[in-house]
Amino acid sequence: MLTYEVSNKFLYNNHIELSKRVKQTRSNDVCLEIHLYQIQARGVDEAHLEYGNAIKMMARILKKLLFSGFPVSICEWNGDESECETVIPVKSTFLEDEKRIIEETFQDILREADNTNEKSELVINEFEFKGHVMDKKDSRDLINLIYLLPNHCLGKSHTSQATFSACLMKDIRVNGGKLQLIMEGLNQYSSSVEELYAHICTLAYLYQFEYQIEEKEDE
């Protein structure tokens, strides 16, 4: 039940799970393993920003590859808000171009921060790969979904950092034919809850993801 009551504690701690069964194809390309380490926001004010969440940062990097005209298929994508790893196949002729775009996008994101976390790190490894990957449509849908999903503060109070509503990317698991994305909502304002859920439902429908919302009232 939604309420307009405001207190110093979060009224709701919501876990939103989005999942999808995906199609797979075979790949005999070189694979790039993109690993983001120690991605950390400095506080509540920046927890919603891309440089404060590894999952959102990875989505922007992969989205940049799509914008640049490179088809992206995903072998694996696992991580949380502080550390994230993605494995994608790449044609050997495009290897250096894609590595350059990944590195440049990572640096662009960090430059957007006023005070960059100096421990944040990007590591790219390459290896031969023969196996199954998500097909291009499902991979593109996943990248677009995470790129567009809310990861921000709503109705934040200027008087206390303890009173705000937010939705943050918490966990992603992509292995084999099933993927799962967990979001955590910390909500105090019913209008924010409704806006958040409506946005998620719309995007889930657009990209044919199932979603489940577990809503718990804090003690």
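The values are calculated or read from the model by the stated rules, or taken from the named source; none is laboratory data. Remember, it's a predicted structure, so these values are computed and weren't measured experimentally. Cβ placement follows ideal geometry from the backbone for every residue including glycine, while neighbour counts extend to all protein chains displayed.
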Hits in region 23-38 (condition: among the charged types (D, E, K, R) and either assigned to a strand (DSSP E or B) or crowded, with 17+ Cβ neighbours inside 10 Å (or both)): 26, 29, 33
Subset of region 81-104 that is among the charged types (D, E, K, R) and surrounded by 17 or more Cβ atoms within 10 Å (Cβ to Cβ) - its residue that is nearest to residue 131 (Cα to Cα): 85
Count - residues of region 63-84 that are at negative phi, in contact with a Leu (Cβ under 9 Å, 6 or more places away or on another chain) and either modelled with pLDDT of 95 or more or not acidic (Asp, Glu) (or both): 6
Number of the exception - residue 212 against (1) at pLDDT 75 or above; (2) of a type in the set (S, T, N, Q); (3) assigned to a helix (DSSP H, G or I): (3)
Considering residues of region 138-165 that are over 24 Å from residue 198 (Cα atoms) and either among the hydroxyl-bearing types (Ser, Thr, Tyr) or modelled with pLDDT of 85 or more (or both) only, the residue surrounded by the most Cβ atoms within 10 Å (Cβ to Cβ): 160
Close pairs from region 118-142: first over 30 Å from residue 208 (Cα atoms), partner assigned to a strand (DSSP E or B) and of a type in the set (Ser, Thr, Tyr), Cβ under 6 Å, at least 6 apart: 121/37
Region 65-96, residues that are in a loop (DSSP other than H, G, I, E, B) and polar (S, T, N, Q): 68, 73, 82
Identity of the residue in region 60-102, among the β-branched types (Val, Ile, Thr) and touching a Ser or Thr at 6+ places or on another chain (Cβ under 6 Å), that ends up nearest to residue 152 (Cα to Cα): 61
Residue in region 116-136 that is closer than 17 Å to residue 68 by Cα, at pLDDT below 95 and either small (Gly, Ala, Ser) or in contact with a Ser or Thr (Cβ under 9 Å, 6 or more places away or on another chain) (or both) present: yes
Any hit, region 184-202, residues being surrounded by 16 or more Cβ atoms within 10 Å (Cβ to Cβ), modelled with pLDDT of 75 or more and among the acidic types (Asp, Glu): no
Residue, nearest to residue 25 (Cα to Cα), within region 49-88, restricted to residues that are among the charged types (D, E, K, R) and over 10 Å from the mean Cα position of the chain (by Cα): 76
Qualifying residue in region 39-48 (condition: at pLDDT 60 or above, touching a His at 6+ places or on another chain (Cβ under 9 Å) and surrounded by fewer than 13 Cβ atoms within 10 Å (Cβ to Cβ)): no
Count - residues of region 50-73 that are under 23 Å from residue 119 (Cβ atoms), surrounded by fewer than 22 Cβ atoms within 10 Å (Cβ to Cβ) and of a type in the set (S, T, N, Q): 0
